[in-house]
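Here the structure is laid out as structure tokens; the discussion comes afterwards.
The values are calculated or read from the model by the stated rules, or taken from the named source; none is laboratory data. Computed from a predicted structure; not experimentally measured. Cβ coordinates were reconstructed from backbone atoms using ideal geometry, including for glycine residues, and neighbour counts include every protein chain displayed.
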Amino acid sequence: MKVLQTAVRLLARIVTGIIALSFLLGWYAAMTVFLFSLRDETRPADAAIVLGAAVVRDRPSAVFRERINHAIQLYHDGTVQKLIFTGGVGNRDELAEAEVGRNYAIARGVDPADILLETSSTSTYENLLNARLVAQQNGLETFLIVSTPNHMRRALAVADDLQMEAYSSPTRSIRWISSVTRTYSYVREVVAFSVYLLNLS
């Protein structure tokens, strides 16, 4: 009986510890994602890496369109010389996200010779891993990562782990449908960043 009581107390302490650690990790991730979303490190670089997002009928979704528009502006301003579009083919799509991004950019005055693609990735990690390979093949060394503000902390963490010289250049013009959508996006990214941190440990 005494052994059982000791085991129960030990189990309770372990569970309490796990809950406490989970809370601390979630709090850290939430604060880090929020604070990093306020940062803009835009500066001259060799290329802008545009992280893929949803495509609707071979056209960029609202979120993806804003990323592409931001990258196009960086290009036309002379801040970057090349654009690297990332992202593979989603469900029921015919074109890869990167191809949709390229077509949209060309229609808005970007020289096709200044656009590079990787068309097989399905995650942020793969976006950047494959973009790094494309960049190495083309002699590109410094990057601006273009994505939505909440996404930037995780994206930069991945870039850092891949030993890329990369800086955040978040979009600022996204029009969220509602506060519910905005909150969902933030919570989703906090969870994703927490999972990424756990995978590193």
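Checking the conditions here, which among ILE72, ILE68 is under 17 Å from ARG172 (Cβ atoms) and surrounded by fewer than 23 Cβ atoms within 10 Å (Cβ to Cβ)? Show your work before the answer.
On the way: ILE68 fails: surrounded by fewer than 23 Cβ atoms within 10 Å (Cβ to Cβ).
Residue meeting the stated conditions: ILE72.
Conditions (1) modelled with pLDDT of 90 or more; (2) touching a helix residue (DSSP H, G or I) at 6+ places or on another chain (Cβ under 7 Å); (3) more than 22 Å from GLU66 (Cα to Cα); (4) not hydrophobic (A, V, I, L, M, F, W, C), marked per residue:
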position: ILE115; (1), (2), (3), (4): yes, yes, no, no
position: SER121; (1), (2), (3), (4): yes, yes, no, yes
position: LEU128; (1), (2), (3), (4): yes, yes, no, no
position: ALA135; (1), (2), (3), (4): yes, no, yes, no
position: LEU144; (1), (2), (3), (4): yes, yes, no, no
position: SER147; (1), (2), (3), (4): yes, yes, no, yes
position: GLU165; (1), (2), (3), (4): yes, no, yes, yes
position: THR181; (1), (2), (3), (4): no, no, no, yes
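So LEU200 passes all but one of these: (1) at pLDDT 90 or above; (2) on the phi < 0 side of the Ramachandran plot. Which condition number does it fail?
The number of the failed condition is (1).
Out of everything in the stretch 81-97 that is touching an Asp or Glu at 6+ places or on another chain (Cβ under 6 Å) and closer than 16 Å to SER123 by Cβ, what residue ends up being surrounded by the fewest Cβ atoms within 10 Å (Cβ to Cβ)?
Looking at residues that are touching an Asp or Glu at 6+ places or on another chain (Cβ under 6 Å) and closer than 16 Å to SER123 by Cβ, I get THR86.
Assess whether GLY52 counts as being farther than 28 Å from VAL195 by Cβ, among the small types (Gly, Ala, Ser) and either surrounded by 20 or more Cβ atoms within 10 Å (Cβ to Cβ) or more than 18 Å from the chain's Cα centre (by Cα) (or both).
In short, no.
Answer yes or no as to whether LEU25 is exposed (fewer than 11 other Cβ atoms within 10 Å of the Cβ), at pLDDT below 90, aliphatic (A, V, I, L, M) and not in a loop (DSSP other than H, G, I, E, B).
When the stated conditions are applied, LEU25 does not pass them.
Would you point out the residue of the stretch 114-165, among those that are within 16 Å of GLU99 (Cβ to Cβ) and over 14 Å from the mean Cα position of the chain (by Cα), that is surrounded by the most Cβ atoms within 10 Å (Cβ to Cβ)?
For the stretch 114-165, the residue satisfying everything is GLU118.
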